[in-house]
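So the structure is just underneath, and the comments pick up after that.
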Amino acid sequence: MSAWPEDMALLGLGLCTPLGLTTRTTQVEMATGTVRFFQTEVLDRKGEPLRASRLTLLEPERTRSERMRALATTALQECLKEARVERAGPLPLVLALPTPGSGPAVDEEPLLRALTEVAAPARLLVRPEGLCREGRAGFFVALARAAKLLLSGQAERVLAGAVDSLCDPGSLEHLLARRRLLCSSVREGILPGEGAGFVLLTRTSALRHDEPRAQGRILALALAMEPRHRLQSEPSLAEGLTAAFRQLHAHPAAGARRVAHVLSCQTGETFWGHEFNRAYLRNAALMPEPLVGHLVAESLGDVGAGAGAIQLGHALHVLGELNPEHGQPPRALVYGCSDEGRVGAFILSRET
């Protein structure tokens, strides 16, 4: 999916990360380069503590599911409060969750029940197809499903969210066993993180005068698949990411304009750097000149399925610091790739 008749407006946003319990705090801390990586109680094979970007308000022994539940409910509360959602609904929810096998299994039922309670009196509508288990690309898949609901007339408003945690003891042990963690015995690996984010979306033409002003607009969205993904042995040719960028550049709303900033949901591993370089060179006309970008792992480590929503929030802040270009608001490109090959990207503008 790469095109629709009109863009989607962002009515509300909520973020919760180790850098802050609110959108504003997270945005400012990311912009200033703040990092909070702590030693954990889990030791590597040489007996040295593993590091992670962990929300210290949550007890270290909490499970992955418990941490995700706390992060998600905090972010959802802010999003709904900001958007002034008070009506009974129903309000469809599309939610990006971890890929099965990426760590300890997530107990989804208590998570969804907690989100439903937080959303009251709005009535969350959760369907099986609304749960997107696509790792770092999950939020992009969720946005595509939200767009389908909006454009088909099945809903006037859709709540899109993303949450993940790789900081619990079980996740750390899982990643350590697979040599994925950057530590004394592994030089090419990740620093795990966690976070959650929610956005309330509508069609731009459906905005009402009694609602808060839209914060931004998603102008174009692209999904693709990478056949030579990280979990197979062949070197990546960046076919999926190249295709996604090309779809965005060809979209009528993009107007063949360059974006002002690129925000990646990836880790700092060499695989992802090579993938982006190939896709960038094939789509140079879309990219900033000179290239300006941000890697979510620089601020929060690998936040898994939560990355897309967090980078959307950071993109809004970045765009707010930029001047209009030729009288038009600047745009940012956000992209994410899962280890299994799913690729997603969108172009975002901020309301002036």
Under the rule rounded for a/c under 1.5, else prolate if a/b exceeds b/c, else oblate, using alpha carbon gyration tensor axes a ≥ b ≥ c, the range 1-70 is classed as prolate
log10 I(q)/I(0) for the range 172-307, Debye formula on C-alpha points only (no solvent), q = 0.13, 0.17 Å⁻¹, two decimals, reads -0.72, -1.11
Using θ = phi - 60° and the Karplus relation 6.51 cos²θ - 1.76 cosθ + 1.60, list the HN-Hα couplings for the range 185-191 in order, rounded to whole Hz, with x at every Gly or Pro.
9, 9, 8, 10, x, 10, 9
How much mean residue ellipticity at 222 nm does the chain get from its helices, if each DSSP H run of length 4 or more adds -39500 (n - 2.57) and you divide by all residues, to the nearest 500 deg cm²/dmol?
-9500 deg cm²/dmol
Please report, largest first and rounded to whole Å, the three semi-axes of the ellipsoid equivalent to the chain, where each semi-axis is the square root of five times an eigenvalue of the C-alpha gyration tensor.
29, 25, 18
Quick one: grab the alpha carbon gyration tensor of the range 240-352, order the square roots of its eigenvalues as a ≥ b ≥ c, and give me rounded if a/c is under 1.5, else prolate or oblate depending on whether a/b is larger than b/c.
oblate
Report, largest value first, the span of the C-alpha coordinates of the range 160-227 along each principal axis, in whole Å.
57, 30, 16
Could you sort the peptides 44-50, 216-222 by per-residue average Cβ neighbour count (10 Å cutoff), highest mean leading?
216-222, 44-50
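Taken together, the values in this text are just the output of simple stated rules run on the coordinates, not laboratory data. Worth saying up front: this structure is predicted, and the values here are computed from it rather than measured. Cβ coordinates were reconstructed from backbone atoms using ideal geometry, including for glycine residues, and neighbour counts include every protein chain displayed.
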